[in-house]
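The structure appears right after this line, and notes come after that.
Every number here is computed from the coordinates shown, using simple stated rules; none is lab data. All values reported here derive from a predicted model rather than from experimental measurement. Cβ coordinates were reconstructed from backbone atoms using ideal geometry, including for glycine residues, and neighbour counts include every protein chain displayed.
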C-alpha cells in the first residue's frame, strides 16, 4: 500500500487522520494522533483516548467521565470521594470560588442569565422552571404588564380588577389621586374610582355599580 491520499495529495499518517476526522466530525487524540471513535477524554483542553491515562489515586484505567483536579486525572469514584464540587454548567471541578444557587454549585463565570448569558457576579437572580434570569430579562420574559402604562412592572405589583398595575400608575381614573393600601375604590369602565369621587356620583348611578372593594400589592 502507498501513502494515504486526500484530494490527490499524498499525506503523512497524522495529517491523513486529521483530514478524515474533520470529515467525520470527530476528534484526533493528541497523544497517538489517531481518530477518537468514542467519547474523548478532555485533559487541559485537549482530546485524548481515555485509555492512555490512569487514575492518579487508584491507578485504574480511565474512561471519558474522568475528572481533572489540580493538573491530575482521577476516575469518577475517586474524585467523588474527595468531595470536590462540580459545576452545574460545565460539569468540571470547581477549584476556586463556588456559587451555591438553585440547589447546585457553579463556577462564578458559569452562573449566568439564561437569556443574555452574563454572569450574575453576586447580583440578584430570578428563577423560573429551573433556569436563572437577570432582573431585566426576567421582567421582559415573564413580568406583569401595567394596565395603565403598558410597560413591564419592575417593582411591586398592584393586583386589582383582575389586572396588574405599577404602584405609581394605580390611581383614581376620575381625579388621578394615587390609591394606597388603605384606600377603597369602585370599578367603572374597568378602571378604579376612589371613594371620594364615588360618593359625589348620583345615587341612581351608584346603585348600578359594583360594591366598593379593596386592592392589594404583590411584592416581587
Helix axis angle, 13-24 relative to the chain longest principal axis, alpha carbon, degrees: 30
Nitroxide proxy distance, nm - points 7 Å out along Cα→Cβ at residue 60 and residue 129: 3.8
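What is the antiparallel percent of DSSP beta bridges lying wholly in the chain, to the nearest 5? Don't skip to the answer; put the middle values down first.
Working: 35 of 36 bridges.
DSSP beta bridges in the chain are roughly 95 percent antiparallel.
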Residue 15 paired with residue 31, simple spin-label distance in nm, labels 7 Å along Cα-to-beta-carbon: 2.7
Pairwise FRET efficiency - residue 46 versus residue 82, Cβ, R0 = 30 Å, nearest 0.05: 0.80
Helix-only [θ]222 nm of the chain, DSSP H runs n ≥ 4, -39500 (n - 2.57) each, per residue, nearest 500: -4000 deg cm²/dmol
Theoretical gain in end-to-end length, residue 178 to residue 89 [0.36 nm per residue, Cα-Cα removed]: 27.4 nm
FRET efficiency estimate (nearest 0.05) - Cβ-Cβ, residue 149 to residue 199, R0 30 angstrom: 0.60
Centroid-to-centroid separation of the range 54-85 and the range 160-178 [C-alpha atoms, Å]: 61
Cα-based shape type of the chain, given that a ≥ b ≥ c are square roots of the gyration tensor eigenvalues and the cut on a/c is 1.5: prolate
